[in-house]
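Here's the structure we're looking at; comments come further down.
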């Protein structure tokens, strides 16, 4: 029996809703039974692990997690199917529903939601080990879930964001990861930042606004299977290719982290762009440096080698101290680095049947993927820099030397620092209600439906939208869009404005929470003072 997940005010339901069943029946091949069988099988795997390995109290929590995950799955699947039908303009989306990998990842994500909500002792990525699922595949559905379900508790949204960061920074780069198959299919290279990122998302001192994503992701039917990729020489963003989406996320994450480190290290913008160019080169042209390692390790090495080449005095220990002061820092990143390079010249071995090892290694734990009688060697980050990183990167970095005598490499474009998320946030799916950054050039009633702009639209407009929602009338096929004016900034950063509405209908309360979350994230993104690093 599946109970309604926490945060939903509707009555408990058993299995898919009537609306979802009707959408299933509109498909050329009704997927109802296959969906139910898959869900039952994965929940059984989850419960089997906990019934055999933990105490009675944890077993009860695991059963509760299983029930809530089933309810979340059908609710999120219903929203996702509805969105895809509108996006594609068709009622038959059996092809998407029959992609086993996507549906398995969706079930796993719903289990992770319920694990987080109920505080079950099952730290990520333990769930993926239980379900024998690759983190790289799991990552692909996180944004889809966040887009499909606006009713997730705030703690769960934060948790999923942290999970995504863990996959991007290290878990996707283990030697048995399917990521390497996609990199191999892309001529052996990770896409560059310019290839993976829309032009409007790249840093431009002359442009202050951030344009919406021209290719908002839907369900990627090619996840784990689409190996078609363009030539690496073509510098244009690739829309929905899973490898390019992954690369875009990687560059966005590491762009923010490099900004934070440069702020605490007093590194100039000019030097930051050189460091970024070096870091991108290591990912694109020396991609195997990332096998069983962590992105932060390559980033710190790039900072040091460019600073040394350009005669800027930044000791490596100071770089590591600055890193340890960051909220995402991990001691093992500096102390437990893979040194041995055995078999790294060749592409990492990947099990093509998709059944990966029961134990998913991370760069923080010893690897068992290098065959032969030799013991793997690990050491600290400075030793890795001297023994491995410089051998791969020294020739490229030397081109930035002030006395090199030749032309320096062109600087790579840098991900733009945005004040707010460029994506629309869906509040509910029937009727469609969105919150998005205010942009008069891309938002208009003609293309997006009836709009309400905070701080500028009259209150009557909001009441008009609310009345239409209550009566079920919609002024547009595309639904409603509620847009936010840019946050005002003072000397202390973004102002702590909060949305207050007199008519507290359910969707308005949800809208208020979204706006408040956006302001909170803005305040959290402000650089924090450097704290004394932990030297243990």
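Worth a mention:
- If R0 is taken as 25 Å, the Cβ-Cβ distance between residue 44 and residue 162 corresponds to a FRET efficiency of 0.35.
- Anisotropy class of the stretch 18-151 from Cα gyration tensor, a/c 1.5 cut: prolate
- Here r is the Cβ-Cβ distance between residue 310 and residue 387 and R0 is 30 Å; the resulting FRET efficiency, rounded to 0.05, is 0.85.
- The separation of the stretch 292-335 from the stretch 22-91, counted between C-alpha centres, amounts to 42 Å.
- Theoretical gain in end-to-end length, residue 18 to residue 200 [0.36 nm per residue, Cα-Cα removed]: 61.3 nm
- Label positions at residue 463 and residue 377, each projected 7 Å from the Cα along the C-beta direction, are separated by 7.6 nm.
- With both labels modelled 7 Å from their Cα along Cα-to-Cβ, the residue 28 to residue 154 distance reads 4.7 nm.
- Protection proxy ranking of 31-38, 332-339 - average other beta-carbon atoms within 10 Å, highest first: 332-339, 31-38
- Potential lengthening between residue 88 and residue 407 on full extension [0.36 nm per residue; Cα-Cα distance subtracted]: 110.0 nm
- Label point distance in nm, residue 185-residue 332, each placed 7 Å from Cα along Cα→Cβ: 3.0
- Prolate/oblate/rounded call for the stretch 149-201, Cα gyration tensor, a/c under 1.5 rounded: oblate
- When you restrict to C-alpha pairs under 8 Å that are six or more residues apart and normalise by the size of the stretch 18-151, the relative contact order lands at 32 percent.
Every number here is computed from the coordinates shown, using simple stated rules; none is lab data. Predicted, not measured: the structure shown is a model, and the values here were computed from it. No Cβ is skipped: glycine too gets one built from the backbone with ideal geometry, and neighbour counts run over all protein chains shown.
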